[in-house]
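Written out below as C-alpha coordinates is the structure these notes cover.
The values are calculated or read from the model by the stated rules, or taken from the named source; none is laboratory data. The shown structure was predicted, so the numbers you read here are calculated from the model rather than taken from an experiment. All Cβ positions, glycine included, derive from the backbone under ideal geometry; neighbour counts span all protein chains shown. The accessibility values were calculated without ligands, DNA or RNA, using every heavy atom of the protein model including side chains. Shrake-Rupley method; radii C 1.70, N 1.55, O 1.52, S 1.80 Å.
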Amino acid sequence: MAIALIVVAAVYSAGWFLAANYATTKLERAFDGSSPLAAVLDCANMRVSGFPLRISLKCSKISINDKRNGITGSVGAFSSAAKIFRPGTVNWQLTGPAITQTSTGLATSVQWDSLDTAMSVGLTGMEKSTTIIKTLRTNITQGTTGATLNFNAAESRMDLERSDADLNAATRFTDVSFVQNDGTSKLPPMIADLDVKLIGQADALNIEKPKPIDLKGLNTELRSLNIDIGEGRTINASGPLSIDQDGYLSGELKLQISKVEGWRDAITAAYPETREIAKMAAKGLKMAFLGKGQGQVTLQITHGTVVLGFIPLGNIPPI
(Lines give C-alpha, C1' and ligand atoms only; values in the text may rest on other atoms or scores of the structure.)
Protein backbone atom coordinates (compact mmCIF):
# COMPACT_ATOMS: atom_id res chain seq x y z
CA MET A 1 0.00 0.00 0.00
CA ALA A 2 2.77 2.41 0.93
CA ILE A 3 4.54 1.72 -2.37
CA ALA A 4 1.31 2.37 -4.29
CA LEU A 5 0.85 5.69 -2.51
CA ILE A 6 4.44 6.67 -3.27
CA VAL A 7 3.93 5.78 -6.95
CA VAL A 8 0.68 7.79 -7.13
CA ALA A 9 2.33 10.76 -5.42
CA ALA A 10 5.30 10.58 -7.80
CA VAL A 11 3.07 10.38 -10.89
CA TYR A 12 0.89 13.25 -9.63
CA SER A 13 3.93 15.41 -8.87
CA ALA A 14 5.39 14.70 -12.30
CA GLY A 15 2.06 15.56 -13.89
CA TRP A 16 1.87 18.83 -11.96
CA PHE A 17 5.33 19.90 -13.02
CA LEU A 18 4.60 18.95 -16.63
CA ALA A 19 1.41 21.02 -16.56
CA ALA A 20 3.23 23.92 -14.91
CA ASN A 21 5.99 23.74 -17.50
CA TYR A 22 3.40 23.65 -20.30
CA ALA A 23 1.62 26.73 -18.93
CA THR A 24 4.90 28.58 -18.46
CA THR A 25 6.03 27.69 -21.99
CA LYS A 26 2.75 28.98 -23.39
CA LEU A 27 3.15 32.29 -21.60
CA GLU A 28 6.81 32.62 -22.53
CA ARG A 29 5.88 32.12 -26.18
CA ALA A 30 3.23 34.82 -25.84
CA PHE A 31 5.86 37.25 -24.52
CA ASP A 32 8.87 36.22 -26.61
CA GLY A 33 10.24 38.31 -29.44
CA SER A 34 8.36 36.45 -32.19
CA SER A 35 4.91 37.26 -30.74
CA PRO A 36 3.01 40.47 -31.55
CA LEU A 37 1.96 40.57 -27.90
CA ALA A 38 5.58 40.90 -26.84
CA ALA A 39 5.66 44.33 -28.46
CA VAL A 40 2.71 45.38 -26.28
CA LEU A 41 3.06 43.75 -22.84
CA ASP A 42 5.92 42.73 -20.59
CA CYS A 43 5.32 40.44 -17.60
CA ALA A 44 8.08 41.18 -15.08
CA ASN A 45 9.46 38.45 -12.78
CA MET A 46 7.06 35.76 -13.99
CA ARG A 47 7.03 32.68 -11.74
CA VAL A 48 4.99 29.51 -11.21
CA SER A 49 3.76 28.15 -7.86
CA GLY A 50 0.71 26.48 -6.28
CA PHE A 51 1.75 22.84 -5.90
CA PRO A 52 -0.07 20.51 -5.35
CA LEU A 53 -3.69 21.53 -6.10
CA ARG A 54 -3.32 24.45 -8.47
CA ILE A 55 -1.00 26.16 -10.93
CA SER A 56 -0.44 29.80 -10.11
CA LEU A 57 1.33 32.28 -12.38
CA LYS A 58 2.45 35.65 -11.04
CA CYS A 59 4.06 38.82 -12.35
CA SER A 60 5.29 41.66 -10.17
CA LYS A 61 4.30 44.26 -12.78
CA ILE A 62 2.94 44.51 -16.31
CA SER A 63 4.39 47.14 -18.63
CA ILE A 64 2.60 48.36 -21.75
CA ASN A 65 4.36 49.54 -24.89
CA ASP A 66 1.91 49.47 -27.80
CA LYS A 67 3.83 51.23 -30.56
CA ARG A 68 1.16 50.46 -33.14
CA ASN A 69 -1.50 52.45 -31.25
CA GLY A 70 0.93 54.84 -29.56
CA ILE A 71 0.11 53.69 -26.00
CA THR A 72 2.57 53.24 -23.12
CA GLY A 73 1.99 52.59 -19.44
CA SER A 74 2.01 50.09 -16.61
CA VAL A 75 -0.24 48.06 -14.30
CA GLY A 76 0.45 46.57 -10.87
CA ALA A 77 0.98 42.95 -9.84
CA PHE A 78 -0.78 40.12 -11.69
CA SER A 79 -1.71 36.76 -10.16
CA SER A 80 -3.57 33.85 -11.79
CA ALA A 81 -4.56 30.38 -10.64
CA ALA A 82 -5.91 27.29 -12.41
CA LYS A 83 -7.13 24.36 -10.33
CA ILE A 84 -5.80 20.96 -11.37
CA PHE A 85 -9.26 19.38 -11.17
CA ARG A 86 -10.94 22.15 -13.23
CA PRO A 87 -8.90 22.32 -16.43
CA GLY A 88 -9.73 25.16 -18.77
CA THR A 89 -10.90 27.50 -15.97
CA VAL A 90 -8.57 30.26 -14.82
CA ASN A 91 -9.07 32.97 -12.20
CA TRP A 92 -6.82 35.98 -11.94
CA GLN A 93 -6.44 39.24 -10.04
CA LEU A 94 -4.77 42.51 -10.95
CA THR A 95 -3.71 45.35 -8.67
CA GLY A 96 -3.66 49.01 -9.60
CA PRO A 97 -3.02 51.60 -10.51
CA ALA A 98 -3.16 51.29 -14.29
CA ILE A 99 -1.46 54.29 -15.88
CA THR A 100 -1.37 54.90 -19.65
CA GLN A 101 -0.23 57.66 -21.98
CA THR A 102 -1.01 58.01 -25.69
CA SER A 103 1.02 59.67 -28.41
CA THR A 104 -1.78 62.27 -28.76
CA GLY A 105 -1.26 63.42 -25.16
CA LEU A 106 -4.16 61.57 -23.52
CA ALA A 107 -3.18 60.37 -20.03
CA THR A 108 -5.29 57.92 -18.01
CA SER A 109 -4.97 56.76 -14.41
CA VAL A 110 -7.25 54.01 -13.10
CA GLN A 111 -7.44 52.65 -9.54
CA TRP A 112 -9.72 50.07 -7.93
CA ASP A 113 -10.28 48.20 -4.69
CA SER A 114 -10.41 44.77 -6.36
CA LEU A 115 -10.29 43.36 -9.89
CA ASP A 116 -11.16 39.69 -10.36
CA THR A 117 -11.52 37.72 -13.59
CA ALA A 118 -12.82 34.22 -14.33
CA MET A 119 -12.17 32.87 -17.81
CA SER A 120 -12.59 29.73 -19.87
CA VAL A 121 -9.67 28.64 -22.03
CA GLY A 122 -9.86 26.41 -25.10
CA LEU A 123 -7.22 24.90 -27.38
CA THR A 124 -6.42 28.16 -29.19
CA GLY A 125 -6.94 30.64 -26.38
CA MET A 126 -9.51 32.32 -24.21
CA GLU A 127 -13.11 31.56 -25.14
CA LYS A 128 -14.89 33.85 -22.69
CA SER A 129 -14.24 35.79 -19.51
CA THR A 130 -16.00 37.84 -16.85
CA THR A 131 -14.24 40.65 -14.98
CA ILE A 132 -15.70 42.39 -11.93
CA ILE A 133 -14.16 45.59 -10.59
CA LYS A 134 -15.10 47.06 -7.23
CA THR A 135 -14.88 50.80 -6.56
CA LEU A 136 -13.43 52.03 -9.85
CA ARG A 137 -11.79 55.46 -9.90
CA THR A 138 -10.63 56.95 -13.21
CA ASN A 139 -8.87 60.18 -14.20
CA ILE A 140 -8.43 61.16 -17.86
CA THR A 141 -6.35 64.20 -18.82
CA GLN A 142 -5.81 65.68 -22.26
CA GLY A 143 -2.26 66.99 -22.15
CA THR A 144 -2.60 69.39 -25.08
CA THR A 145 -5.59 71.25 -23.57
CA GLY A 146 -5.31 70.45 -19.88
CA ALA A 147 -8.94 69.25 -19.82
CA THR A 148 -9.64 66.56 -17.22
CA LEU A 149 -12.41 64.03 -16.67
CA ASN A 150 -12.83 62.07 -13.44
CA PHE A 151 -15.41 59.33 -13.07
CA ASN A 152 -16.08 56.74 -10.42
CA ALA A 153 -18.20 53.59 -10.42
CA ALA A 154 -19.26 51.49 -7.45
CA GLU A 155 -18.98 48.34 -9.55
CA SER A 156 -18.24 47.47 -13.15
CA ARG A 157 -18.50 44.20 -15.03
CA MET A 158 -17.02 43.22 -18.39
CA ASP A 159 -17.83 40.08 -20.37
CA LEU A 160 -15.70 39.02 -23.34
CA GLU A 161 -16.56 36.15 -25.67
CA ARG A 162 -15.10 34.76 -28.87
CA SER A 163 -17.69 34.51 -31.66
CA ASP A 164 -16.10 32.92 -34.74
CA ALA A 165 -13.76 35.64 -36.07
CA ASP A 166 -15.33 38.40 -33.97
CA LEU A 167 -14.94 39.50 -30.36
CA ASN A 168 -18.05 40.35 -28.33
CA ALA A 169 -17.71 42.71 -25.38
CA ALA A 170 -20.36 43.78 -22.88
CA THR A 171 -19.84 46.09 -19.91
CA ARG A 172 -22.01 47.44 -17.11
CA PHE A 173 -21.17 50.31 -14.76
CA THR A 174 -23.33 51.01 -11.70
CA ASP A 175 -23.52 54.23 -9.65
CA VAL A 176 -21.33 56.12 -12.09
CA SER A 177 -20.49 59.68 -11.07
CA PHE A 178 -18.48 62.32 -12.90
CA VAL A 179 -16.39 63.99 -10.23
CA GLN A 180 -14.91 67.50 -10.25
CA ASN A 181 -11.51 68.37 -8.85
CA ASP A 182 -13.16 69.45 -5.58
CA GLY A 183 -14.70 65.99 -5.17
CA THR A 184 -18.27 67.00 -6.05
CA SER A 185 -20.39 65.51 -8.82
CA LYS A 186 -22.51 67.73 -11.07
CA LEU A 187 -24.54 65.04 -12.84
CA PRO A 188 -26.83 62.52 -11.10
CA PRO A 189 -25.41 59.01 -10.54
CA MET A 190 -26.04 56.85 -13.58
CA ILE A 191 -26.07 53.29 -14.83
CA ALA A 192 -24.31 52.59 -18.16
CA ASP A 193 -24.52 49.41 -20.24
CA LEU A 194 -22.48 48.73 -23.38
CA ASP A 195 -22.73 45.79 -25.81
CA VAL A 196 -20.39 45.88 -28.81
CA LYS A 197 -19.00 43.51 -31.45
CA LEU A 198 -15.39 44.05 -32.55
CA ILE A 199 -15.39 42.71 -36.08
CA GLY A 200 -12.54 40.33 -36.97
CA GLN A 201 -10.78 40.74 -33.58
CA ALA A 202 -11.16 37.26 -32.03
CA ASP A 203 -7.44 36.53 -32.57
CA ALA A 204 -6.69 38.98 -29.74
CA LEU A 205 -7.73 36.13 -27.40
CA ASN A 206 -5.25 33.58 -28.77
CA ILE A 207 -2.63 32.12 -26.45
CA GLU A 208 0.04 31.65 -29.10
CA LYS A 209 0.61 34.48 -31.55
CA PRO A 210 -2.24 36.69 -30.34
CA LYS A 211 -3.04 39.61 -32.63
CA PRO A 212 -3.35 42.84 -30.63
CA ILE A 213 -6.33 45.02 -31.52
CA ASP A 214 -5.33 47.84 -33.85
CA LEU A 215 -7.59 50.80 -33.12
CA LYS A 216 -6.83 52.39 -36.48
CA GLY A 217 -8.89 50.56 -39.09
CA LEU A 218 -11.16 49.03 -36.42
CA ASN A 219 -14.76 48.22 -37.41
CA THR A 220 -17.41 47.65 -34.76
CA GLU A 221 -21.11 47.08 -34.37
CA LEU A 222 -22.50 48.96 -31.39
CA ARG A 223 -25.41 46.72 -30.50
CA SER A 224 -26.48 48.80 -27.53
CA LEU A 225 -25.27 51.66 -25.36
CA ASN A 226 -27.76 52.54 -22.65
CA ILE A 227 -27.37 55.42 -20.17
CA ASP A 228 -29.85 55.92 -17.33
CA ILE A 229 -29.63 58.89 -14.93
CA GLY A 230 -32.90 58.15 -13.19
CA GLU A 231 -36.41 59.67 -13.29
CA GLY A 232 -37.01 58.09 -16.70
CA ARG A 233 -34.13 59.97 -18.36
CA THR A 234 -32.52 57.40 -20.65
CA ILE A 235 -30.55 57.32 -23.90
CA ASN A 236 -30.00 54.20 -26.00
CA ALA A 237 -27.64 54.15 -28.99
CA SER A 238 -26.95 51.47 -31.61
CA GLY A 239 -25.31 51.26 -35.01
CA PRO A 240 -21.99 50.76 -36.84
CA LEU A 241 -18.81 52.61 -35.87
CA SER A 242 -15.35 52.62 -37.45
CA ILE A 243 -11.99 54.28 -36.96
CA ASP A 244 -10.01 55.17 -40.06
CA GLN A 245 -6.25 54.97 -40.51
CA ASP A 246 -5.91 58.60 -39.41
CA GLY A 247 -7.65 57.83 -36.11
CA TYR A 248 -10.95 59.57 -36.86
CA LEU A 249 -14.27 58.08 -35.77
CA SER A 250 -17.17 57.66 -38.21
CA GLY A 251 -20.56 56.02 -37.91
CA GLU A 252 -24.31 56.37 -37.87
CA LEU A 253 -26.09 55.75 -34.58
CA LYS A 254 -29.78 55.48 -33.87
CA LEU A 255 -30.54 57.28 -30.60
CA GLN A 256 -33.65 56.53 -28.57
CA ILE A 257 -34.07 59.38 -26.09
CA SER A 258 -36.59 59.64 -23.24
CA LYS A 259 -37.40 62.77 -21.19
CA VAL A 260 -35.68 65.28 -23.48
CA GLU A 261 -36.43 68.22 -21.17
CA GLY A 262 -35.17 66.23 -18.18
CA TRP A 263 -31.84 65.74 -19.95
CA ARG A 264 -31.75 69.43 -20.83
CA ASP A 265 -32.30 70.45 -17.21
CA ALA A 266 -29.71 68.00 -15.86
CA ILE A 267 -27.03 69.15 -18.33
CA THR A 268 -27.64 72.87 -17.87
CA ALA A 269 -27.66 72.48 -14.08
CA ALA A 270 -24.32 70.67 -14.23
CA TYR A 271 -22.73 72.84 -16.91
CA PRO A 272 -24.38 76.30 -17.10
CA GLU A 273 -22.09 77.32 -19.94
CA THR A 274 -23.90 74.83 -22.20
CA ARG A 275 -27.33 76.33 -21.51
CA GLU A 276 -27.89 77.77 -25.00
CA ILE A 277 -26.76 74.73 -26.98
CA ALA A 278 -28.68 72.43 -24.60
CA LYS A 279 -31.85 74.49 -25.07
CA MET A 280 -31.38 74.49 -28.84
CA ALA A 281 -30.76 70.73 -28.92
CA ALA A 282 -33.82 70.01 -26.76
CA LYS A 283 -36.00 72.25 -28.92
CA GLY A 284 -34.75 70.62 -32.11
CA LEU A 285 -35.31 67.13 -30.70
CA LYS A 286 -38.88 67.92 -29.63
CA MET A 287 -39.56 69.23 -33.13
CA ALA A 288 -38.16 65.99 -34.58
CA PHE A 289 -40.30 64.03 -32.10
CA LEU A 290 -43.45 65.95 -33.17
CA GLY A 291 -43.73 67.74 -29.85
CA LYS A 292 -43.19 64.64 -27.71
CA GLY A 293 -40.56 64.32 -25.02
CA GLN A 294 -39.20 61.07 -26.41
CA GLY A 295 -38.38 59.52 -29.76
CA GLN A 296 -35.62 58.39 -32.12
CA VAL A 297 -33.05 60.48 -33.96
CA THR A 298 -29.87 59.80 -35.96
CA LEU A 299 -26.43 60.76 -34.67
CA GLN A 300 -24.11 61.12 -37.67
CA ILE A 301 -20.35 61.03 -37.14
CA THR A 302 -18.24 61.79 -40.20
CA HIS A 303 -14.47 61.90 -39.85
CA GLY A 304 -14.88 63.05 -36.26
CA THR A 305 -17.59 65.66 -36.92
CA VAL A 306 -20.74 64.99 -34.88
CA VAL A 307 -24.24 66.04 -35.99
CA LEU A 308 -27.40 65.18 -34.03
CA GLY A 309 -30.27 65.23 -36.51
CA PHE A 310 -29.52 68.63 -38.05
CA ILE A 311 -27.78 70.06 -34.96
CA PRO A 312 -23.95 70.21 -35.08
CA LEU A 313 -22.46 69.17 -31.74
CA GLY A 314 -18.73 69.51 -32.36
CA ASN A 315 -15.72 67.37 -33.26
CA ILE A 316 -14.11 64.26 -31.77
CA PRO A 317 -10.30 64.44 -31.93
CA PRO A 318 -8.42 61.50 -33.52
CA ILE A 319 -7.08 58.75 -31.29
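Listed by chain and number, the lysines placed with their C-alpha closer than 16 angstrom to that of K211 are K26, K67; residues fewer than eight positions away on the same chain are left out.
Per-atom-type breakdown for segment 80-202 gives carbon and sulfur 59% of the accessible area (1.4 Å probe, protein chains only). Neighbours of D113, meaning other residues whose beta-carbon lies under 14 angstrom from its beta-carbon, give a summed charge of -1 when Lys and Arg score +1 and Asp and Glu score -1. For segment 277-319, the pair-distance distribution built from all alpha carbon pairs, in bins 5 Å wide starting at 0, is 6, 24, 26, 22, 13, 7, 3, 1 percent.
The figure for V176 is an accessible area of roughly 10 square angstrom, using a 1.4 Å probe on the protein chains alone. For the pair S185 and Q111, a Förster radius of 22 Å applied to the C-beta separation gives a FRET efficiency near 0.80, rounded to the nearest 0.05. Debye-formula intensities of segment 245-319, expressed as log10 I(q)/I(0) at q = 0.12, 0.16, 0.19 Å⁻¹, are -0.36, -0.62, -0.82 (one equal scatterer per alpha-carbon, no solvent). Subtracting the Cα-Cα distance of I213 and A44 from 0.36 nm times their residue separation leaves 58.6 nm of extension gain. Here the extension length gained between T174 and E155 equals 6.3 nm, from 0.36 nm per residue of separation less the Cα-Cα distance.
Per residue, the accessible area of segment 142-263 comes to 51 Å² when a 1.4 Å probe rolls over the protein heavy atoms. W263 exposes around 40 Å² of accessible area when a 1.4 Å probe is run over every protein chain in place.
Taking a straight line from the alpha carbon of K259, these lysines sit under 28 Å away, with near neighbours fewer than eight places off in the same chain left out: K186, K279, K283, K286, K292.
Maximal additional length on extending the L313-I199 stretch stands at 38.3 nm, based on 0.36 nm per residue less the C-alpha distance.
Over segment 253-305, with every protein chain in place, what whole percent of the accessible area is carbon and sulfur at 1.4 Å, could you tell me? Using a 1.4 Å probe with all protein chains present, segment 253-305 comes out at 59 percent carbon and sulfur.
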